[in-house]
Amino acid sequence: MGGGGGERNSMGVLVPTVNAGETSAPAGAETEAAVVGTEVVVVTERVAEEEEEEEVDKDILCPICMQIIKDAFLTACGHSFCYMCIVTHLQNKSDCPCCSHYLTTNHLYPNFLLNKLLMKKSARQMAKSATPVEQLRQAIQQGCEVSVKELDSLLSLLMDKKIKMEQEEAETNLQILLEFLQCLKKQKVEELNEIQNDLQYIKEDINAVEKRRIELYRTRGRYSAKMRTLVDDSSAMTVRPPLRDKGSGAIVSSPVNLQEQGRAGTSQTRNTDTRAPWNPQIVQRKDDNQGGSDSQDPNQPGKSLARKRRVHAQFNELQDCYLQKRRYWARQSQKQGERVANIMNREGYSAGLEDFQSVLSTFTRNSSLRVVSELRHSDIFHSANIVSSIEFDRDDELFATAGVSRRIKVFEFSSVVNEPADAQCPVVEMSTRSKLSCLSWNNYTKNHLASSDYEGIVTVWDVTTRQSVMEYEEHEKRAWSVDFCRTEPSMLVSGSDDCKVKVWCTNQEASVLTIDMKANICSVKYNPGSSAHIAVGSADHHVHYYDLRNISQPLYIFSGHRKAVSYVKFLSNYELASASTDSTLRLWDVNENVPLRTFKGHTNEKNFVGLTVNSEYLACGSETNEVFVYHKAISKPAAWHRFVSDDQNDPDGDMGSFFISAVCWKRDSPTIVTANSQGTIKALVLAA
């Protein structure tokens, strides 16, 4: 039983509440209870003191401003106020604010006792909130008696504290400096490694180019030797006179003469060969002459010099392009292993160098825009001439124009280029009810053309019958843009000032999808490789890229423009170009969701000036009445052309009031068709 009692006692220590009938408590429990009781007493006293202070605070509050009294004054009825508070009150009323007893300024008296108490209270509050240093300073200033020994001890402590703080501050400063230098070193080492890698790329590419040049020289040398042999044989046959027999009295040349003539011919050929390295090859020039008129130019070195000047003029841009492409392909080789790194083209170039060579040759080959044809869009029935849209059909045989004249005109491109200006007439002309903003040809049905107009109507036309096939009138405001899908030709998309993007099907009378946005829609475009992705240019300064299978939010939002995005166009399935009234074009990667390049040079602050793209170039208009062409790898213009006025009332050709309003590339061609706000349409071609 004793064991049982011991067990119960031990259990009682761990869990005091096991036996409810026990009245005795262990010593540990008594100690804990005593501590708790003491804490409760302390807390109670503290709360009582705080309540007492709150009551005191209430007694020293001014009844008017409800703040601690400042410059206390006592009234004849026994109430205290701030002097400024009671004086201000008595200017309006003649009674006490507390008891309404008659009161004037003559019944106010300074309350010296309350002011003294308030000063002491303020001093106590400052002492409570003051730091130890402030308390020490106040004690010394108030004449606290301190011995010299105590001051020495205090000064010693202060000096030790000062030295310790200075050391800590010095260590902190050194730590910050060290971290900065380490960060700077890391950054510079990375830059050095990048520069060393770039130098290695450059060395490899120099060796590859020099090797290729040597191969070309050797090939040309073998070709020249072969041609020299042919020339020698031809010369020998040419200088040998015809033989006649003795009976006919013919003159027979001596072998010596033939040998001398042969030497002369050989010497002449050798002299020609010695000059060959300094001039283009004769045979190559003949082949080139058969290829085009540019190679017939005898000033071939001049063209080469002009191309070199273009390189130097855009050296920084070309340098960035080269390094960007070289680094990109180096990263690709690291991702995919040595298999990609060792891939060379037939000329022995790496992928990055081959890519850059294509850019360099394309960019330096063309530097101007040459006019090949010109026609007038205006007619005698309409004074408004602005051409809002130009679009080529599926086969690039026809191009359509539309604008504020309320007419769609379809021209045959070959006729425009080859026939005289006075014989250039549209092959089809269709009238509309409203001004037109945009056109789009169907990529499958050649004779179908879509238009959007200022009344918000989207119309599908049959160019052959000159009749509308479908009309969609759901937009509530002006529709700025329309585009047929390339992969699903029955689908088209439109955007409007009503902040809505609508997707239509030519087999249905109503829209099949609507995207509500927060700002006006300026441009819409289908991705050429997908029927589920569209790009939207908006007045909110952004490009919105949507997956039509989930329109709850954009797939990506491309930010960077500072004003409304007026046009969006796809160069490829992943390259998207945008134009804005901030006078810039921008190129985006819709797969990686990254900006690629910004193009500057033209002026566009308020008007729709057009945007067109192909696989290599971007072209847009300018409010200076100029057309600008950019290579997609270079930020500055590659070529430009200025429209000159043919108005007799404008002898100086000042086109400041006109602007380019529409542009369109002829696919897979250096030809571009442009129009301005005067109604002049020009076909331009990129030239050297």
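Of all residues in region 452-497, how many are open to solvent by less than 20 Å² (accessible area, probe 1.4 Å) and under 32 Å from the mean Cα position of the chain (by Cα)?
16
Pairs please, first residue from region 111-136 and touching a residue at least 24 places away in the same chain (Cβ under 8 Å) and within 21 Å of C82 (Cβ to Cβ), second anywhere and open to solvent by 90 Å² or more (accessible area, probe 1.4 Å) and among the hydroxyl-bearing types (S, T, Y), Cβ atoms under 9 Å, 6+ apart in sequence or on different chains.
Taking only residues 6 or more apart or on different chains, not a single pair turns up.
Regarding region 66-86, can at least one residue be identified that is in contact with a His (Cβ under 7 Å, 6 or more places away or on another chain) and without any contact (Cβ under 8 Å) to a residue 12 or more places away in the chain?
no
Of everything in region 655-687, what is out of contact with any strand residue (DSSP E or B) (no Cβ under 7 Å at 6 or more places or on another chain) and either more than 16 Å from N625 (Cβ to Cβ) or not aliphatic (A, V, I, L, M) (or both)? Give them in sequence order.
G656, S657, D668, S669, Q678
Here is a list: K446, K409. Which entry is more than 30 Å from I634 (Cα to Cα), touching a residue at least 12 places away in the same chain (Cβ under 8 Å), in a strand (DSSP E or B) and of a type in the set (K, R)?
Going through K446, K409 in turn, the sole match is K409.
Which residue pairs have Cβ atoms closer than 9 Å, lie 6 or more positions apart in sequence or on different chains, and pair a first residue in region 429-442 that is outside any strand (DSSP E or B) with a second residue that is open to solvent by less than 20 Å² (accessible area, probe 1.4 Å) and of a type in the set (D, E)?
Hits for this filter: T432/D453; R433/D453; S434/D453; K435/D453; N442/D393.
Enumerate the helices (runs of 4 or more DSSP H) found wholly within region 283-379, keeping only those where 2 or more residues are of a type outside the set (K, R), at negative phi and at pLDDT 85 or above.
So the answer is 300-313, 315-336, 351-365.
Does region 515-527 contain any residue that is assigned to a strand (DSSP E or B), surrounded by fewer than 21 Cβ atoms within 10 Å (Cβ to Cβ) and in contact (Cβ under 8 Å) with a residue 12 or more places away in the chain?
Within region 515-527, one or more residues are assigned to a strand (DSSP E or B), surrounded by fewer than 21 Cβ atoms within 10 Å (Cβ to Cβ) and in contact (Cβ under 8 Å) with a residue 12 or more places away in the chain.
Hey, can you tell me all the residues within region 590-607 that are open to solvent by less than 20 Å² (accessible area, probe 1.4 Å) and within 23 Å of L318 (Cβ to Cβ)?
F599, H602
Does at least one position in region 568-590 carry a residue that is at negative phi, part of a strand (DSSP E or B), at pLDDT below 95 and among the aliphatic types (A, V, I, L, M)?
no
Of the residues in region 533-559, how many are open to solvent by less than 30 Å² (accessible area, probe 1.4 Å), of a type outside the set (S, T, Y) and closer than 27 Å to E616 by Cβ?
Result for region 533-559: 7.
The values are calculated or read from the model by the stated rules, or taken from the named source; none is laboratory data. All values derive from a computational prediction rather than experimental measurement. Backbone-built Cβ (ideal geometry, glycine too); neighbour counts: all protein chains shown. Only protein heavy atoms, including side chains, enter the accessible area calculation; ligands, DNA and RNA are left aside. Shrake-Rupley method; radii C 1.70, N 1.55, O 1.52, S 1.80 Å.
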